[in-house]
Amino acid sequence: MKNADRQTRAHLMDLFEQHGFHPSTSLGQNFLIDLNLIDYLVTQADLGRDDIVLEIGTGTGGLTAAMAGQAGEVVSVEVDRRVHELAQEACAGLTNVTLLLTDALKNKNRFSPVVLDCLADKLAADPGRRLKLVANLPYCIATPVVSNLVASGLPWELMIVTIQRELAMRMRAKPDSEFYGAISVWLQSQCAVRVMKKLGPKVFWPRPRVESAIVRLLPDPERRQQIDDRVFFHDFIRRLFTQRRKRIRSVLVGMYRKEVEKAAIDEAMSQVKIAEGVRAEELDVATLVALGNAVGKFVREN
């Protein structure tokens, strides 16, 4: 049996029945069973022998094995011991696959040190190696995984991921729209984000209750260089959008009341030419980057 064939609905149902357990909905286990889509993910990732692929959510190893045929190394992370064992069977004999049994995240803001150390070792083996995230991401951790990879110092070059369609809409959202928020600004300030395909529930087993999408993210160094302090800006955006519909001056005054005087907030807004009554949800990404830089400068100088 070919490795890819392990990812069909019929095979997975038989596999789980043989091992006496069911996929876990709490862990977001919805396995991609359309083999054409698995091929599409691998093709879009444009994998080569210099690529280190990070996969989060190994599942039964169907995508893992498919990527191993083209990539230099695949580091795949799974938190569920039961399906991890199934992936070990699927990837038996693949010497360029490292299967980690761990939570990919230390917390919502950081990757697990186990994952980071493994990637560092793989990347250090050759200065020409490139890092790509290619994964059918569990819905419950998709946002922190993508956000944290952008925030990290890892030299990633591409993300091709399946995620909940609503998250894809938030990633691509524009100002004054329902889905525009902190994740929209954070990603668009540093990446080019493109929705590649919309996916219905039937391409997964078990079927999720929501639609999904395949999204591609590419880093944009020029946009990233516009941000003076990315750690500050990340915190700035997340806090600002918790009160997205309030007037931005009052929100900023409250956020930094211990660090700066109101006059500093007024000066920062004046520098960026933002009217007092404007709300965060109305401002485009470039303006929010400029405002974050201006406010951050006053905070650091204080």
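The values are calculated or read from the model by the stated rules, or taken from the named source; none is laboratory data. Note that the structure is a prediction, hence the values are computed from the model and not measured. Note that we place each Cβ from the backbone using ideal geometry, even for glycine, and neighbour counts take in every protein chain shown.
A few points about this structure:
- Candidates are the residues of region 163-189 that are among the small types (G, A, S) and assigned to a helix (DSSP H, G or I); the one that is nearest to A135 (Cα to Cα) is A168.
- Count of residues meeting criterion [touching a Ser or Thr at 6+ places or on another chain (Cβ under 9 Å) and among the hydrophobic types (A, V, I, L, M, F, W, C)] in region 102-136: 8
- Screening T43 against (1) of a type in the set (V, I, T); (2) at pLDDT 95 or above; (3) within 22 Å of M196 (Cβ to Cβ); (4) surrounded by 15 or more Cβ atoms within 10 Å (Cβ to Cβ) leaves a single unmet condition, (4).
- Residue pairs meeting the criteria (Cβ under 8 Å; at least 6 apart or on separate chains; first among the charged types (D, E, K, R), in region 22-38; second in a helix (DSSP H, G or I) and buried (at least 17 other Cβ atoms within 10 Å of the Cβ)): D34/V203
- Considering region 94-135, the residues that are touching a residue at least 40 places away in the same chain (Cβ under 8 Å) and over 20 Å from the mean Cα position of the chain (by Cα) include one that is farthest from V150 (Cα to Cα), namely D126.
- With respect to the stated conditions, A142 is free of Cβ contacts under 8 Å to residues at least 40 places away in the same chain and part of a helix (DSSP H, G or I).
- Inside region 26-60, residues that are hydroxyl-bearing (S, T, Y) and under 19 Å from V145 (Cβ atoms) make up a count of 2.
- Test for I237: is it under 19 Å from the mean Cα position of the chain (by Cα), in the same structural domain as K297 (by TED's automatic domain parsing) and among the hydrophobic types (A, V, I, L, M, F, W, C): yes
- Residue match in region 136-155 (condition: closer than 24 Å to L35 by Cβ, in the same structural domain as N109 (by TED's automatic domain parsing) and among the polar types (S, T, N, Q)): yes
- Which numbered condition G59 fails, given (1) in contact (Cβ under 8 Å) with a residue 40 or more places away in the chain; (2) surrounded by fewer than 23 Cβ atoms within 10 Å (Cβ to Cβ): (2)
- Helices (runs of 4 or more DSSP H) enclosed by region 235-302 - at least 3 residues per element that are out of contact with any Phe, Trp or Tyr (no Cβ under 8 Å at 6 or more places or on another chain), surrounded by 14 or more Cβ atoms within 10 Å (Cβ to Cβ) and charged (D, E, K, R): none
- Taken over region 198-229, the criterion of being more than 25 Å from L137 (Cα to Cα), in contact (Cβ under 8 Å) with a residue 24 or more places away in the chain and part of a helix (DSSP H, G or I) is satisfied by R223 alone.
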